């Protein structure tokens, strides 16, 4: 199956804990993105990466960190500095030929 | 700065009705792309259409049609003869080269189609 794979589907975080959300793609796209979606709201950009070993902050990067060591992988860490982490997190990869974004099925993060 | 506004937060229709989802955008760029995505209850966003700023032709794909009006900065989406399976959240989005090809999303419109 081709596409974007996010895991886990559901994740629970204890206070003060860092957690990492996985995002893997087999589409061979250079650009990858992390979005946060709060209930009843649109998507807000957390971090993006245009190429391996490079990434940039989006609109709401505080309390999050990423890495891009491989083209296929773009994990997102939600650190203890993120005081309101409960949200639905979506990872995407962009086809630079037609500008389409392909999304994963998301991870729902909740705080215990 | 770019901005996308979807004024309708929620729409409820009865099956077989036509429904139009509104999208208004703001950008200073002359070259940009407009998108519509569908988010069913499963959560994954599904691409529906991409339009570039130089192509104002309306498009029809089955029961779906899109009306791009540059003069009013709008890119509205119409579903004809709606079905229960159309129930989802629909997002309009905008990207441009000058904004690093970042997608700016509207707040989404939740469409509920009742049998």
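All but one of (1) surrounded by fewer than 18 Cβ atoms within 10 Å (Cβ to Cβ); (2) under 26 Å from residue B:47 (Cα atoms) hold for residue A:74; state the number of the condition that does not hold.
Every listed condition holds for residue A:74 apart from (1).
Going through B:55, B:29 one at a time, which residue ends up being at pLDDT below 95, within 14 Å of another protein chain (Cβ to nearest Cβ), over 25 Å from residue A:49 (Cβ atoms) and surrounded by fewer than 19 Cβ atoms within 10 Å (Cβ to Cβ)?
From the options B:55, B:29, the qualifying one is B:55.
Go through the residues of the range A:39-52 one by one and say whether even a single one is in contact with a strand residue (DSSP E or B) (Cβ under 9 Å, 6 or more places away or on another chain), surrounded by fewer than 13 Cβ atoms within 10 Å (Cβ to Cβ), closer than 15 Å to residue A:89 by Cα and within 14 Å of chain B (Cβ to nearest Cβ).
Yes.
So how many residues does the range A:90-112 have that are surrounded by fewer than 23 Cβ atoms within 10 Å (Cβ to Cβ), facing chain B (nearest Cβ under 10 Å) and farther than 18 Å from residue B:47 by Cβ?
The qualifying residues number 1.
Every residue, every condition in (1) over 12 Å from the mean Cα position of the chain (by Cα); (2) at the interface with chain A (Cβ under 10 Å from one of its Cβ atoms), yes or no:
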{"residue": "B:60", "(1), (2)": "yes, no"}
{"residue": "B:91", "(1), (2)": "no, yes"}
{"residue": "B:102", "(1), (2)": "yes, yes"}
{"residue": "B:112", "(1), (2)": "yes, no"}
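Please go through the range B:4-19 and give me each residue that is away from chain A (no Cβ under 13 Å), surrounded by 14 or more Cβ atoms within 10 Å (Cβ to Cβ) and under 16 Å from the mean Cα position of the chain (by Cα), ordered by number.
Answer for the range B:4-19, where residues must be away from chain A (no Cβ under 13 Å), surrounded by 14 or more Cβ atoms within 10 Å (Cβ to Cβ) and under 16 Å from the mean Cα position of the chain (by Cα): B:11, B:19.
The values are calculated or read from the model by the stated rules, or taken from the named source; none is laboratory data. Quantities reported herein were computed from a predicted structural model and do not represent experimental measurements. FYI the Cβ positions are ideal-geometry reconstructions off the backbone, even for glycines, and counts take in every protein chain you see.
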